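Below is one structure, written out as structure tokens, with a few remarks after it.
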């Protein structure tokens with residue numbers, strides 16, 4: 001099995017990396033469909049914008065609350081906090097807008113690669129206890145093996161430290177002389193499909 005983490009090849013997953021895998025819930029049966037490039041892009045932008053709005057909204061509310069509290073508790077010098085809070089909130093909003101555009105540009109750069117090897121848009125892909133189906137084709141679990149896995153990793157804040165989080169982005173499966181590609185962002189129910197295929201084919205690492 002060829003392993004890529006952040007586009008860099010590694011010989012094998014370390015124990016720390018295995019424990020850091022962020023897998024969706026266990027499901028015996030999952031069905032999804034292959035998305036077109038436009039559908040996948042729309043879904044990515046919606047999801048990313050939603051998270052930015054939620055996180056940015058929380059941060060801005062906290063900043064404004066601190067500004068109001070400062071002005072009320074110290075009417076003389078509190079004005080500087082009252083003015084500084086909205087200014088910082090505005091700066092944060094501009095920063096988040098820049099980050100959103102950066103994420104979208106990064107997505108667009110990888111879109112062509114993500115679509116490579118996938119069945120045509122609209123193809124139904126599913127898994128159950130017996131195996132994987134891709135359109136009319138059925139592959140029993142014993143006939144499948146992971147030829148390549150692509151992952152991304154990042155450090156998430158955790159108190160005073162950070163925690164490594166690793167996400168499975170894409171699986172290339174070997175089925176005899178055939179190849180089956182699964183990409184979490186190019187499939188409806190992609191995370192559930194990709195993660196549960198990983199569990200079936202690499203149970204020791206899941």
Report yes if some residue within the stretch 30-41 is surrounded by 16 or more Cβ atoms within 10 Å (Cβ to Cβ), more than 19 Å from residue 192 (Cβ to Cβ) and outside the structural domain of residue 168 (by TED's automatic domain parsing); otherwise report no. yes
Per the filter on the stretch 8-39, residues within 18 Å of residue 183 (Cβ to Cβ) and without any contact (Cβ under 8 Å) to a residue 40 or more places away in the chain are 38
Counting only strands (runs of 3 or more DSSP E) entirely within the stretch 89-206, those with at least 3 residues that are closer than 29 Å to residue 11 by Cβ are 144-158, 161-175, 178-183
Of the conditions (1) in contact with a strand residue (DSSP E or B) (Cβ under 8 Å, 6 or more places away or on another chain); (2) on the phi > 0 side of the Ramachandran plot; (3) free of Cβ contacts under 8 Å to residues at least 60 places away in the same chain, the single one that residue 122 does not satisfy is (3)
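The values are calculated or read from the model by the stated rules, or taken from the named source; none is laboratory data. Please read all numbers here as calculations on a predicted model, not as lab measurements. Cβ: placed from backbone, ideal geometry, glycine included. Neighbour counts: every protein chain shown.
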